[in-house]
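Here the structure is laid out as structure tokens; the discussion comes afterwards.
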Amino acid sequence: MSFPADEIKESTAPPSGELTNLGSRADTSRKERQLQIFELLLVCFVGFGGALFLSLYILFTGTSPSEAVRGDFRWWYTILHQVGVLALLWYVLQRRSQSFSDLGLFWKAKEVAVAPLLWFVCSIVAYISKLIIRSLGGFPPGSDPNAKAAALLFSNGIGIATFIYQFINPFFEELIVRAYLITRIRELTNSLVLAIIASVAFQVSYHFYQGGWTALSYTGVFLVLSLYYAKTNRILAPILAHMIFDVSATLYYLLKPLH
């Protein structure tokens with residue numbers, strides 16, 4: 001015998017399966033809302049983060065716009081931009097249910113040990129490339145192929161922000177121009193050769209501010225790093241090798257006036 005109250009309770013209680021589905025939909029809705037908020041902040045950050053930083057810097061320091069872009073500020077400005085783009089890359093990967101590890105970024109002691117060797121091979125390739133270009137008349141005798149880059153990057157001094165940039169920039173370049181570009185173009189074209197060529201050509205193209213011949217002299221280095229990534233699907237060693245180049249160059253030009 002059942003009581004009416006029991007019957008009401010039994011008839012109004014939702015099945016356990018429906019409760020699970022409701023909870024799942026709520027979780028999905030919450031995650032989607034969080035992603036929408038992140039999208040909004042990310043678009044604003046990538047689009048206007050640098051301008052906002054510059055504006056607030058001028059406002060609170062009283063510095064003129066022309067003076068603000070000199071010295072450490074320009075390094076912080078670039079750091080902000082690179083962090084924003086790395087966040088954008090992370091988001092794009094998340095939308096595909098992927099992460100940086102799918103691009104080959106994960107800690108492995110072997111990769112750390114390989115990095116100096118990879119840097120050494122790249123150094124030899126860079127030296128040979130510059131000798132070839134010099135023999136073709138690209139670099140005048142006694143000239144410094146890196147003079148333009150050094151003047152642009154270090155003429156206003158070297159500070160803490162300079163070194164922070166040199167540690168972030170290898171992640172920025174290698175994850176995007178090497179790992180992400182090669183991975184996606186290989187997926188889209190089913191051609192590893194085309195993916196490597198695209199990566200190397202693109203990386204050379206945005207180094208022409210250092211001079212045409214200097215940018216072309218990096219082709220061999222970029223090719224070595226791209227071949228390593230294509231062979232191993234690991235990006236940590238190229239990042240660390242790139243970092244050695246950047247940090248050692250910064251230290252060289254920091255100490256150069258003492259020579």
Residues being open to solvent by 60 Å² or more (accessible area, probe 1.4 Å) and aliphatic (A, V, I, L, M): count how many of those fall in the stretch 165-191. 1
Condition test on PHE60, is it more than 24 Å from ASN169 (Cβ to Cβ) and among the aromatic types (Phe, Trp, Tyr)? yes
Hey, among the residues in the stretch 189-216 that are of a type in the set (Val, Ile, Thr) and in contact with a Phe, Trp or Tyr (Cβ under 7 Å, 6 or more places away or on another chain), which one's modelled with the highest pLDDT? VAL200
Determine the pairs where a residue that is farther than 17 Å from PHE106 by Cβ and open to solvent by less than 20 Å² (accessible area, probe 1.4 Å), located within the stretch 221-236, has a partner that is assigned to a helix (DSSP H, G or I) and among the basic types (Lys, Arg) with Cβ atoms under 8 Å apart, the partner being 6 or more residues away or on another chain. LEU225/ARG178; SER226/ARG178
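Okay, residues lined up against (1) basic (Lys, Arg); (2) crowded, with 16+ Cβ neighbours inside 10 Å; (3) at pLDDT 75 or above:
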position	(1), (2), (3)
LEU41	no, no, yes
GLY50	no, yes, no
TYR57	no, yes, no
ARG70	yes, no, no
PHE73	no, yes, yes
PHE100	no, yes, yes
TRP107	no, no, yes
VAL112	no, no, yes
LEU118	no, yes, yes
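The values are calculated or read from the model by the stated rules, or taken from the named source; none is laboratory data. All values derive from a computational prediction rather than experimental measurement. Heads up, the Cβs are rebuilt from the backbone with ideal geometry, glycines too, and the neighbour counts pull from every protein chain shown. For accessibility, only protein heavy atoms count, side chains too; no ligands or nucleic acids. Shrake-Rupley method; radii C 1.70, N 1.55, O 1.52, S 1.80 Å.
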